[in-house]
Every structure is written in C-alpha cells, then in structure tokens.
Amino acid sequence: MSFTIPARDVRGRVVRLGPVLDTVLGAHAYPPAITHLLAEALTVTALIGSLMKDGDGQLTMQAQTESGIIDLLVCDYRNGELRGYVRHDADRLAALGANPSLYALFGQGYLAITFDLASTGQRYQGIVPLEGDSLAEACQAYFFQSEQVPTLIRVAARNDGAGCVAGGLLVQHLPEGEEGRERLHVRLDHPEWDHVAALAGSIRHDELVDPDLSLEALVWRLFHDEAEVRFDLGGPLQRGCRCSVAHYESVIAKFPEADRTDMRDERGLIVVDCAFCSRLFEISA
Ligand SMILES: [Zn+2]
C-alpha cells in the first residue's frame, strides 16, 4: 500500500507479507537464520519495487560477497510478483550462533539495486557497500548515495509455528517532487524530513508483523497528527517465477556442444533446477 503526506513532501510504502513468504520460503529448506534474512530481503524488495511507476518494470536486489558464508542473495519484484533465493555455505553457517550479524553472514560485500524499465528498456543500477546492521539499513544508504533521496526503511520478520509474517515501512522525502530533477542540494536536516523520520522511526517490530493491525491503521498510528494522509491500496503480492522450459533451452543453447554432452544424463536429457523456486526442468536440447 502506498501513501503520501502532501504537506511534508513525503511518500511512503507499507507492506505485509504472509502466505507469499511461505510460498517462496517453502521452495527451499533453509536454516532459520537464512529464512529470516530472505524474509527481510523480500520485504525490502517489495517496498522498493513498488516505488516503480513502470508497471512491467523489474527491481532486482542482489547482495554479493567474495568469501562470505552467504556469497549471493537475489530477490526481484515485477508487477506484484516476488521471488528470491540465497546461496550459502551450510557448514560455516552452522558454526555461527543464533542471530548472526549481517557482517558475520556476508563479510565484506556489496549491495546492487537494479531498476529495469520495461517501457523504455533502460536500466539503472546503483551499488553500495553492504554495511550496517541490516539489509534495510544498507538500502537506506543506497537511496542516499545513489539517488540523494533521504529514506527511512524499517523491516521486521517473525517465523513461528503458524507460518512466516514480515512487514516493512519505507518513507522518503521528495521536496523537489517525484520527477527526476537533479538533487544536488539535498539536505538531510530538512525540518519536514526530521519530523517525519522521527515519527516513522517510532514504528515497532511487533506492529509491522501483527496481521491483525491493518496497514492503514499502522500508518495512521504513526502520522495521526498530520492534516492529510492520502492512501492508495495496491494489489496483493504473490510469488512469481519466470522460469520455463523455453528459458532454460535458450540458456543451454549458449553452451558449446561438448559442455552440453557432459550435462546430459543417461536418458539424454539435461536436468536444471531453478534457483528461485527449486522446480526441476528436463531439457532435451
Ligand atoms: Zn523458478
């Protein structure tokens, strides 16, 4: 769901992920620390992806390291559809305690945020160091460094017997309006932004993951003293994977024939599994 506070030049997004998380996470058998991280990453991806005005555009968030316990985390969003996966070293992860820090999981890494605009074919990518206590913090740094937009992002995830729930809030200050003007004179200490950031920052983790608290009520709790808050209910989020036989046929066709021969099993088929959804495909190329 999106909202704006016109008098403060602020726009926001708020999301809560329930069954869609179970669907994405259910395709993998990740240990709890990875499940929690991916739930947070999918929530951040949904928040940032829903900023795109280009309905068929794609937002990809990728965290990558050379020698971290996690060497790759990828999530993407397109038109309300989310997917993601994590590549990690299970043995090294098991040696960590519960609730490992972002640094313990990734080491020295970087975060790439990529906007692919379907309407124009343009691609924008920003890369920032993977720093801070959470992916949300690293994404805040992305908006400040790459887009010069003061941004606050809060994310929480809870995984208990009843399934996984995650929630997130993103608030941005756009004093020059939404359209792409040069923001050379950005002021992080703008009084309007200070005020809104203080209110938004007061959100609690349990509020973000409380399925009985509607998103609208959540925003009203934070900004009830504002003269006007405008809401725009978005569509539901769902798991969406773009893997298909045709996709893998085109990937495999790019390999030399000798490599394809090595990949074939005794039936002459090449079996590939989708990293995002773990589905298996048998390609007869
Ligand atoms: Zn897939």
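Computed from the coordinates by the stated procedures, all read-outs in this text should not be read as laboratory data. Just so we're clear, the structure is a prediction, and the values are computed from it rather than from any experiment. Ideal geometry is used to build each Cβ from the backbone, glycine not excepted, and the neighbour counts take in all protein chains shown.
Here are the numbers:
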quantity	calculated
Cα-based equivalent ellipsoid, region 9-48: semi-axes from gyration tensor eigenvalues, Å	24, 10, 6
If the convex hull is drawn through the Cα atoms of region 1-141, its volume per residue in Å³	120 Å³
Rotationally averaged projected area of region 20-76 (alpha carbon convex hull; nm²)	4.4 nm²
Percent of Cα pairs exceeding the 36 Å cut-off, where the set is the chain	19 percent
Along each principal axis, Cα extent of region 124-271, largest first, Å	68, 45, 30
Rel. contact order, % - alpha carbon contacts under 8 angstrom, at least six apart, region 211-285	23 percent
Using a Förster distance of 45 Å, the FRET efficiency for residue 56-residue 96 (Cβ separation, nearest 0.05)	0.70
Simple Cβ-charge dipole of the chain, Lys/Arg +1 and Asp/Glu -1, about Cα centre, in debye nearest 20	300 debye
Over the chain: helical MRE at 222 nm, DSSP H runs n ≥ 4 each giving -39500 (n - 2.57), nearest 500	-8500 deg cm²/dmol
Degrees separating the helix 135-147 axis from the principal Cα axis of the chain, which is the longest one	70 degrees
Cα point-scatterer Debye curve for region 100-178, base-10 log of I(q)/I(0) at q = 0.14, 0.16, 0.23 Å⁻¹	-0.61, -0.77, -1.15
Contact order normalised by residue count of the chain, Cα under 8 Å, 6+ apart, percent	23 percent
Kirkwood Rh and Cα Rg combined as Rg over Rh, evaluated for region 76-122	1.14
Kirkwood hydrodynamic radius over Cα pairs of region 219-282, then Stokes diffusion coefficient at 10 °C and 1.306 mPa s, in µm²/s	99 µm²/s
